[in-house]
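Asker: I'd like to ask you about the structure that follows.
The values are calculated or read from the model by the stated rules, or taken from the named source; none is laboratory data. Keep in mind that this is a model prediction, so the values were computed, not measured. Cβ sites come from the backbone with ideal geometry, for glycine too, and all protein chains shown count toward neighbours. We work out accessible area using only protein heavy atoms, side chains counted, and drop any ligands, DNA or RNA first. Shrake-Rupley method; radii C 1.70, N 1.55, O 1.52, S 1.80 Å.
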Amino acid sequence: MTRIALVTDQESLPIDYDMAPLVASCESLGLPVEIVNWDNPGIDWSRFELLILRSPWTYTDRLEEFLDWCRKVSSVSRLVNPLNAVEWNLNKSYLVDLQHYGVPIVPTEFIQKNASDVLSQIYSFIATHGNFREMVIKPSIGAYSKNVQRFPVDAVDRAVEHVVLLHSLGCDALIQPYFDSIDVYGESDLIFFNGKFSHAIRKGALLMADGTVNAPTAEFRKQREPGPDEIQVATAALSAAIRHLQLEEPLLYARVDLIRSHEGQPVVLEMEISEPSLSLPFCPGSEVRFAKAIAAAVERLQCFT
Ligand SMILES: Nc1ncnc2c1ncn2[C@@H]1O[C@H](COP(=O)(O)OP(=O)(O)O)[C@@H](O)[C@H]1O
Ligand SMILES: [Mg+2]
């Protein structure tokens, strides 16, 4: 029998909405799943045939330790999504790769840790991309809106301070225009299982004008029917990831987050193929589709053994 670990950690499990419905639907399909903490040193990982990353979200403060863990377990079991997908996806620099494949992304400039000219990089970004009143500064590695901040374009000094803070935390910084369509339309998060579209949610804007930053808790999420243009961009992002990573199998799970540009075009804000929250409780039936996708992955695995 294929034993399956659903990987989380003690601190993240209580905020992982997906785990309970996922476990229930896996069990109803007869899939033997077990919830395990990635940082539990007492686990023999080789006793699982599949290790599915679900909510190991404390990794953001322990990145090297987490990546070492991913490499170690990949040598004794099958990590899903695979190691190269996780390594690539943990740093928002993947956005640049997507853009190289022709996928529309939120205009983004990286301000590297060792940059000596932060102020002029910000001014030049504003001059190049013009036509926006506010900007967003965020860490290259991060989740849960942590350290993401919105600033008016005339508050460059505060933006510089935030970049310096991110650098002091060991991260590169990203600068983007604030796309205010999000205040009305929200962002669209599209979820795929084994490469097939499953469901989508509308996530409300998280960066408030007064500087408050909300965590993406349940009240910000609602099921949404995505537009055909959103499906098309999200599918293009997924195909680009598959080509870039040279994957021979579909990704078990993927989430592509889109916002609409000032011109109304959907653009990729984030693509999450490492450990995405999947909003299962907000879209009835999605938990069954995920469990069925896991069952299909198990079957594929058995073909190879
Ligand atoms: N360029 C942007 N324009 C408008 N809102 C943004 C922008 N970038 C981030 N946000 C808001 O901040 C939230 C968190 O940013 P995101 O890039 O998704 O980082 P994280 O990896 O922390 O989820 C988004 O869900 C969105 O509400
Ligand atoms: Mg996000």
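Asker: Let me make sure I get this right: for the stretch 242-283, a, b and c are the square roots of the gyration tensor eigenvalues over alpha carbons, sorted descending. Under 1.5 in a/c it's rounded, otherwise prolate if a/b > b/c, else oblate. Which is it? Present the calculation step by step, with values, prior to reporting the outcome.
Answerer: Working: a/c = 2.98, a/b = 1.29, b/c = 2.32.
Taking the square roots of the gyration eigenvalues as a ≥ b ≥ c, the stretch 242-283 is oblate.
Asker: Which of LEU53, LEU278, LEU165 ends up with the largest GNM mean-square fluctuation for the chain, with Cα atoms connected below 10 Å?
Answerer: Of LEU53, LEU278, LEU165, the most mobile in the Gaussian network model is LEU165.
Asker: While we're looking at this one, here's another question. Collect residues whose amide H, placed 1.01 Å from N in the peptide plane, falls under 5 Å from the amide H of LEU258; neighbours closer than 5 in sequence don't count.
Answerer: Under 5 Å from the amide H of LEU258 lie the amide H atoms of SER188, ASP189, LEU190, LEU269, each far enough along the sequence or on another chain.
Asker: How large is the accessible surface per residue of the stretch 109-177, computed with a 1.4 Å probe and reported in Å² as a whole number?
Answerer: Working: 3380 Å² over 69 residues.
So the stretch 109-177 comes to 49 Å² accessible per residue, rounded to a whole number.
Asker: Might you tell me the accessible area per residue for the stretch 179-224, computed with a 1.4 Å probe and given in Å²? Before the final figure, lay out each step's value.
Answerer: Numbers: 1990 Å² over 46 residues.
That works out to 43 Å² per residue.
Asker: Please give the length that would be gained between LYS146 and ARG133 if that part of the chain were fully extended, namely 0.36 nm times their separation in residues minus their C-alpha to C-alpha distance (nm, one decimal). Can you show the working numbers first?
Answerer: Details: separation 13, 0.36 × 13 = 4.68 nm, distance 2.23 nm.
Full extension from LYS146 to ARG133 adds 2.5 nm.
Asker: Express the relative contact order of the chain as a whole percentage, based on alpha carbon pairs under 8 Å and six or more residues apart in sequence.
Answerer: Across the chain, relative contact order equals 20 percent.
Asker: What FRET efficiency, computed as 1/(1 + (r/R0)^6) with R0 = 30 Å and r the Cβ-Cβ distance, is obtained for ALA20 and GLN265, rounded to the nearest 0.05?
Answerer: Numbers: r = 37 Å, r/R0 = 1.23.
Approximately 0.25, to the nearest 0.05.
Asker: Then there's this: Can you compute 3J(HN,Hα) from phi for each residue in the stretch 260-275, using the Karplus curve 6.51 cos²θ - 1.76 cosθ + 1.60 with θ = phi - 60°, rounded to whole Hz and x for Gly and Pro?
Answerer: Residue by residue, the stretch 260-275 yields 9, 6, 4, 8, x, 7, x, 10, 6, 8, 7, 10, 10, 10, 9, 8 Hz.
Asker: Obtain the nm distance between the two label points defined at SER46 and ARG158 by a simple spin-label model: each point lies 7 Å from its Cα along the Cα-to-C-beta direction.
Answerer: Going by the 7 Å Cα→Cβ label model, 5.5 nm.
Asker: Additional query: Could you tell me the calculated FRET efficiency between LEU247 and PHE220, based on Cβ-Cβ distance and R0 = 30 angstrom, to the nearest 0.05?
Answerer: Working: r = 31 Å, r/R0 = 1.04.
The computed FRET efficiency comes out at 0.45.
Asker: Taking only Cα atoms and a 10 Å spring cutoff, compute GNM fluctuations for the chain and point out the largest among VAL76, VAL23, VAL148.
Answerer: VAL76
Asker: From Cα pairs below 8 angstrom and at least 6 apart in sequence, can you work out the relative contact order of the stretch 109-177, rounded to a whole percent? All intermediate terms of the calculation are to be shown ahead of the outcome.
Answerer: Details: 99 pairs, mean separation 33.6, N = 69.
Dividing the mean separation by the residue count of the stretch 109-177 yields 49 percent.
Asker: Provide the FRET efficiency to the nearest 0.05 for the ASP229-SER93 pair, computing r from the beta carbons and using R0 = 30 Å.
Answerer: Working: r = 26 Å, r/R0 = 0.85.
Approximately 0.70, to the nearest 0.05.
Asker: While we're looking at this one, here's another question. Report, for the chain, the % of DSSP beta bridges that are antiparallel, rounded to 5. Numbers along the way, then the final one.
Answerer: Working: 35 of 49 bridges.
Antiparallel bridges make up about 70 percent of those DSSP assigns within the chain.
Asker: Excluding GLN265 itself, what net charge comes from residues whose Cβ is under 12 Å from its Cβ, given Lys and Arg +1 and Asp and Glu -1? Could you put the intermediate results ahead of the total?
Answerer: Details: positive: ARG260; negative: ASP229, GLU230, GLU263.
That works out to -2.
Asker: List the relative contact order of the stretch 1-134 as a percent without decimals, with contacts defined as Cα pairs under 8 Å and 6+ residues apart. It would help to have the intermediate numbers written out before the result.
Answerer: Numbers: 125 pairs, mean separation 30.8, N = 134.
The value is 23 percent.
Asker: Measure out, as a whole number of angstrom, how far apart the alpha-carbon centroids of the stretch 81-102 and the stretch 124-143 sit.
Answerer: What the calculation gives is 20 Å, centre to centre.
Asker: Same structure, new question: Calculate what fraction, in whole %, of the accessible area of the stretch 109-177 sits on carbon and sulfur atoms when a 1.4 Å probe is rolled over the protein chains.
Answerer: Details: 1740 of 3380 Å².
Reported share for carbon and sulfur atoms: 51 percent.
Asker: Report the Cα centroid-to-centroid distance between the stretch 232-305 and the stretch 162-227 in angstrom, as an integer.
Answerer: 16
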